[in-house]
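Enquirer: Here it is: the structure, laid out below.
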Amino acid sequence: MSLAPANPTRLEADLRVLCDDIGCRLAGSPNEARAAQYIAAQYQALGLETEIQEFPCVCWECRQAVMQARRGRRWVDIPVQPNTQSPSTPGMLEGELVYLETAHPWDLEGRDLTGKIGLLFGSAYASLERMERLCNSGLVALLYVDERFPTDEKVASGLIAGWIDHLSLPTATVPYLRAWDLVRDGVRDVRLQLDMRNFLSHSQNVVAVLPGRRKLPPLVIGGHHDCVATNVGAEDDGTGVVVTLELARLLRDSKPLRPIRFVSFGWEENLSEGARQYVVHPANRAETTALMVNIDSVGCWMGTDEVWVTGDAKLRAFVRRHLEEQRFVAKLRPDITPFSDHYPFNLVGVPTVWLYRGNCPGGRWYHHSRFDTPDKLNMARLARTTDLVASMVGELAQSAELPFPRDIPAAQRRQIEQYRKDLYDPIGDWRTPELMRPEGKRRSDILS
Ligand SMILES: [Zn+2]
């Protein structure tokens, strides 16, 4: 059956509620819960059976973040963005700034870092081994530069949920161009104060179900409603939420053969913890999913669309056919990434399709900065993306047989396993629901 086209006005209206009326939706915050309530109400209004699934989350609040660098006799303010769940500094630190390059063991060899404030080029979270090396180095705080964004802006960074227990060092990012000047000018004396409150809270997944006429493996479509602390998460990932809502409107009366589950995930910004919680929740039976379609960061004015396909060549052929039919230009990528909500599904063997639109080599130029606002989005473009997903999901929902095997090829499975080893295994067996819960081994450290 052919579906009605997506409506740009409705997409914008939902996005305005999330970004303008609610605003920043940090995981575990009252605003995140408000967003979940709003989303659930929309699904309920469509007559879908809707559930809010709560799970524990470490929320945080930055009371104060101050950095100053001494230039001659003057102390100059430097913008600084504390990391998600960073510990506080003990009051105002004053110390020597040391540039660590990438903190390779050779970079640190023979250097006494005791009592100093380190500056790292690149993410602090690229490896747990390096993070532990830095935590044990004698440094009193760690600053770093998100090397993807050579701007003068603060860029937020999410910590992997399971690493919260390992982070004993107050950590913050500084804008690339400010850090550049500090290193070039050999600035030595800096002050840093991070006053943080980390506390136990709850995040939530919103799950709405359109029943199928037959008992067939369901389709899951979703995006995430939480965002980082610096912005209102218009593109990342207000777009995924509003596209999923619009899909529910378009498909509601389609009487699908197989069930469709529309999911808005919470707590994505710490390595897709909400999607992981969805996958480990026994009632969701996520491992039986036919295909998971993840919509995260789409619809910007200029850019290149990408569809990341985890699955068999026949799944890629299926996607390619729909791109052709829709005259939708997008790059098909067979690559695995653990940094969005589809990855926990891959861990239990579910094939996935991730829709994304980038606009610079680092991703999108406003990524995790204050510039991720609704004006970055072209609603007509967002509607086209919705139509593409609707055509794929519409076909699969009416097919008793899938046009691809529910299988992930060995080469992709190896990459999935490698990420599991790097990101999850340091913590333990991720399958246990307890894993990475804040009730973990050093709860006292994270609760103020
Ligand atoms: Zn995202």
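The values are calculated or read from the model by the stated rules, or taken from the named source; none is laboratory data. Note that the coordinates shown come from a computational prediction; the quantities given were computed from them, not determined experimentally. Heads up, the Cβs are rebuilt from the backbone with ideal geometry, glycines too, and the neighbour counts pull from every protein chain shown.
Enquirer: Select the strands (runs of 3 or more DSSP E) contained entirely in the range 58-139, then report the ones holding at least 3 residues which are out of contact with any Asp or Glu (no Cβ under 7 Å at 6 or more places or on another chain), farther than 22 Å from residue 270 by Cβ and without any contact (Cβ under 8 Å) to a residue 60 or more places away in the chain. Working first, answer last.
Expert: Values: elements: 74-77, 93-99, 117-121.
The strands (runs of 3 or more DSSP E) meeting that bar are 74-77.
Enquirer: Taking residue 34 as meeting all but one of (1) in a helix (DSSP H, G or I); (2) closer than 30 Å to residue 159 by Cβ; (3) touching a Phe, Trp or Tyr at 6+ places or on another chain (Cβ under 9 Å), write down the number of the exception.
Expert: Unmet for residue 34, out of (1) in a helix (DSSP H, G or I); (2) closer than 30 Å to residue 159 by Cβ; (3) touching a Phe, Trp or Tyr at 6+ places or on another chain (Cβ under 9 Å): (3).
Condition check ((1) without any contact (Cβ under 8 Å) to a residue 60 or more places away in the chain; (2) in contact with a Phe, Trp or Tyr (Cβ under 7 Å, 6 or more places away or on another chain)) across all residues:
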residue: 250; (1), (2): no, no
residue: 282; (1), (2): yes, no
residue: 286; (1), (2): no, yes
residue: 295; (1), (2): no, no
residue: 302; (1), (2): yes, no
residue: 319; (1), (2): no, no
residue: 324; (1), (2): yes, no
residue: 340; (1), (2): no, yes
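Enquirer: Taking residue 294 as the residue in question, decide whether it is away from the ligand (no atom under 16 Å from the Cβ) and within 26 Å of residue 399 (Cα to Cα). Explain how you work it out, then say what you get.
Expert: Values: away from the ligand (no atom under 16 Å from the Cβ): no; within 26 Å of residue 399 (Cα to Cα): yes.
For residue 294, the condition - away from the ligand (no atom under 16 Å from the Cβ) and within 26 Å of residue 399 (Cα to Cα) - is not met.
Enquirer: List the residue pairs whose Cβ atoms are under 6 Å apart, where the first residue sits in the range 145-156 and is closer than 17 Å to residue 67 by Cβ, the second is among the aliphatic types (A, V, I, L, M) and outside any loop (DSSP other than H, G, I, E, B), and the two are 6 or more positions apart or on different chains.
Expert: Qualifying pairs under 6 Å: 145/179; 152/177.
Enquirer: Given the residues 28, 47, which is the only one that is touching a residue at least 24 places away in the same chain (Cβ under 8 Å), in a loop (DSSP other than H, G, I, E, B), out of contact with any Lys or Arg (no Cβ under 8 Å at 6 or more places or on another chain) and not assigned by TED's automatic domain parsing to the domain that holds residue 139? Spell out how you get there, then give the answer.
Expert: Working: 47 fails: out of contact with any Lys or Arg (no Cβ under 8 Å at 6 or more places or on another chain).
Within the list 28, 47, the selection yields 28.
Enquirer: Moving to a separate point now. Any residue at all in the range 220-232 that's over 13 Å from the mean Cα position of the chain (by Cα), closer than 22 Å to residue 385 by Cβ, within 13 Å of the ligand (Cβ to nearest atom) and among the polar types (S, T, N, Q)?
Expert: Checking the range 220-232: at least one residue is over 13 Å from the mean Cα position of the chain (by Cα), closer than 22 Å to residue 385 by Cβ, within 13 Å of the ligand (Cβ to nearest atom) and among the polar types (S, T, N, Q).
Enquirer: With the requirement that a residue be assigned to a loop (DSSP other than H, G, I, E, B), hydrophobic (A, V, I, L, M, F, W, C) and buried (at least 21 other Cβ atoms within 10 Å of the Cβ), what does the range 333-364 give you? Show your work before the answer.
Expert: Kept after step one, since they are assigned to a loop (DSSP other than H, G, I, E, B), are these residues of the range 333-364: 334-342, 348-351, 359, 361-362, 364.
Checking the rest, the ones that are also hydrophobic (A, V, I, L, M, F, W, C) come to 336, 339, 348, 350.
The answer is 336, 350.
Enquirer: Pick out the one residue from 246, 268, 287 that is within 11 Å of the ligand (Cβ to nearest atom) and not in a strand (DSSP E or B).
Expert: Values: 246 fails: within 11 Å of the ligand (Cβ to nearest atom); 287 fails: within 11 Å of the ligand (Cβ to nearest atom).
When all the criteria are applied, what remains is 268.
Enquirer: Would you mind finding the one in 315, 323 that is outside any loop (DSSP other than H, G, I, E, B), under 18 Å from residue 406 (Cβ atoms) and away from the ligand (no atom under 16 Å from the Cβ)?
Expert: Values: 323 fails: under 18 Å from residue 406 (Cβ atoms).
Exactly one residue qualifies, and that residue is 315.
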